[in-house]
Amino acid sequence: MQITHLKLENWRNFLHVDVPLKKRMFLVGPNASGKSNLLDVFRFLRDIADDQGGFQSAVQTRKGVSKLRSLHARRYSNIVIDVAMEIDGKSWTYRLEFTQDNNRRAIVKKETVAANGRCLLDRPNEQDNQDPELLTQTHLEQIQANKDFREVVDFFKKIRYLHIIPQLIRDTDRSSGKQWSPYGGDFLEQLVRTQEKTLKSRLRRIVAALKVAVPNLKELELNRDDRGTPHLRGLFSHWRPDAGWQLEDQFSDGTLRLLGLLWGFLDGAAPLLLEEPELSLHYAVVRHIPGILARLSRRTGRQILLSSHSAELLSDPGIDANEVLLLKPTREDTRVTVAANEIEIGRLLEGGMSIADAVLPWTAPPIVQQLTLFGDAP
Amino acid sequence: MNSLPVNVAVEGNSDEALARALLRECELPTGVVYVQKGKDNLDKKLKAFNQAANHAPWLVLRDLDRDAACAPELWRYCLRNGPHTWFCESRFTPPNPGCWRTENA
């Protein structure tokens, strides 16, 4: 199950994107180049297909079509998302073009689905022409209309995005009532929702992995307090028996982030979107993230798309230049290219440089030294 | 400035400013700047920069120090295990570009 190709037009920073996607992709670019916006395409599709979501909701949570459309969009200003996928051995394509009407409502201009090259949906169709109101919804969100391509709908629904913010895991009050919070707000609730046998097995595997980064950690367990709020307890080695139990609010940021990441890796088989997984982690741990992802991908077939600024993470010799998407801001938009297609990067790699050494200088701001002058008197 | 951007490889941050100033003086746009952590790191990657120079213009700044009597000799020494084709050309530079820059500031 994987997304094999992505085409975009007029989506946020991007006037035009046309890139193949591998099982493991690293998105590399300067700050504010649009790495999160690129990942947001997949979240957008997930939000449309989600039972609690839909097209209008997905657009509204992003503040409307005008916020989604590239500021540099030309006369043909429809926003276009076109993805190709492999699902259970079948090739699928899904294309959505949309804009807004005079009332600023999002309107589908075109929606097509094809399986193995055979067209299963082509909108607007006769029904849409008779009742244009139908174009305020996609067929992804209509059970009666998407019977022929339910696999695609289910695939989108399962896409997971993870950008754990440790403070949100600790602040259980703030995150109560949330479901599938991408920032880890309902992380502990997600654990509670997991079947006990699966939960225990996963926690065991996570503790074994966490021990590498946090050697004092002996055990992890999940329980609820008197108010029913779930808590994660960790037993850390201490010379007094039972003295080393700590609740999640005492865990370090790095422990919580790594814990969340490891859980995310084990939870589900659909594409996983990660934002800067290196945050708060020791460089020696970060270096092994690509290796974990490669093994995971080989074992479960799971696709992982992640953004990163980390030289440690990108220094893994197993990373191929075809697995790196380079985001380069220009005056008008951000261009996205596969690093292997950049001749100069290819030459540097042939000359023995690592991906990190060859690619990261492309993403550095041109006058970054000026930042050091910030401390000077005006 | 309609010329091709010139990519740059230097030993450290202070050399980057020097390289930018040189290119500005020559009215050439600066491309990607590869700042290495010292001379040894730069030397290790010279082969790769030389390879890339087959495709685009590059400027590599390296202190001569006492590693060789002159720039061409240093260049031969640095690329001694590399390919037979050199895409970079060596130019005579002062033994220590940092000093040169300070003197000309």
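So which trypsin sites (Lys or Arg not before Pro) in region A:315-349 pass both tests, a DSSP loop state and at most 13 other Cβ atoms within 10 Å of the Cβ? Please list the in-between numbers first.
Numbers: sites: A:R331, A:R335, A:R347; in loops: A:R331.
Those that pass, being in a loop and sparsely packed, are A:R331.
Using θ = phi - 60° and the Karplus relation 6.51 cos²θ - 1.76 cosθ + 1.60, list the HN-Hα couplings for region A:329-334 in order, rounded to whole Hz, with x at every Gly or Pro.
Karplus values, whole Hz, x for Gly and Pro: x, 10, 4, 9, 7, 10.
Restricting to the protein assembly as shown, what percent of DSSP beta bridges are antiparallel, rounded to 5? Provide the component values of the computation, followed by the final result.
Working: 52 of 73 bridges.
Around 70 percent antiparallel, to the nearest 5.
Which whole-percent values make up P(r) of chain A when all C-alpha to C-alpha distances are grouped in 10 Å steps starting at zero?
5, 21, 29, 25, 15, 5, 1, 0
Within region A:222-304, which chymotrypsin sites (Phe, Trp or Tyr not before Pro) sit in a loop by DSSP and count at most 16 neighbouring Cβ atoms inside 10 Å?
When the chymotrypsin sites (Phe, Trp or Tyr not before Pro) of region A:222-304 are filtered for loop state and at most 16 Cβ neighbours within 10 Å, A:W239 remain.
First check a/c for region A:29-96, with a ≥ b ≥ c the square roots of the eigenvalues of its C-alpha gyration tensor; if it is under 1.5, answer rounded, and if not, answer prolate when a/b is larger than b/c or oblate otherwise.
Since a/c reaches 1.5 and a/b is larger than b/c, the shape of region A:29-96 is classed as prolate.
Check the straight Cα-Cα distances from A:K218 and name the lysines below 29 Å, setting aside those fewer than 8 residues away within the same chain.
Excluding near neighbours in sequence, the set is A:K197, A:K200.
Let's see if you can work this out: charge +1 on each Lys and Arg Cβ, -1 on each Asp and Glu Cβ, no other charges. What is the dipole magnitude of chain A about its Cα centre, in debye to the nearest 20?
420 debye
How much net charge surrounds A:K23 when only other residues with a Cβ under 13 Å from its Cβ are counted (Lys, Arg +1; Asp, Glu -1)?
+3
Once amide H atoms are built 1.01 Å from N in the peptide plane, which residues 5 or more positions from A:W245, or in another chain, come under 5 Å H to H?
A:F236
Region A:1-94: which trypsin sites (Lys or Arg not before Pro) are DSSP loop and have at most 11 other beta-carbon atoms within 10 angstrom?
Those satisfying the criteria are A:K63, A:R74, A:R75.
Convert each backbone phi in region A:116-124 into a coupling constant with the Karplus relation 6.51 cos²θ - 1.76 cosθ + 1.60 (shift: θ = phi - 60°), then list the ³J(HN,Hα) values in order as whole Hz, x for Gly and Pro.
Going residue by residue, I get 6, x, 9, 6, 10, 8, 9, 10, x Hz, with x marking Gly and Pro.
FYI, it's all coordinate maths here, none of it is from the lab. Values in this document were obtained by computation on a predicted structure and should not be read as measured data. Cβ atoms come from the backbone with ideal geometry, glycine included; neighbour counts cover every protein chain shown.
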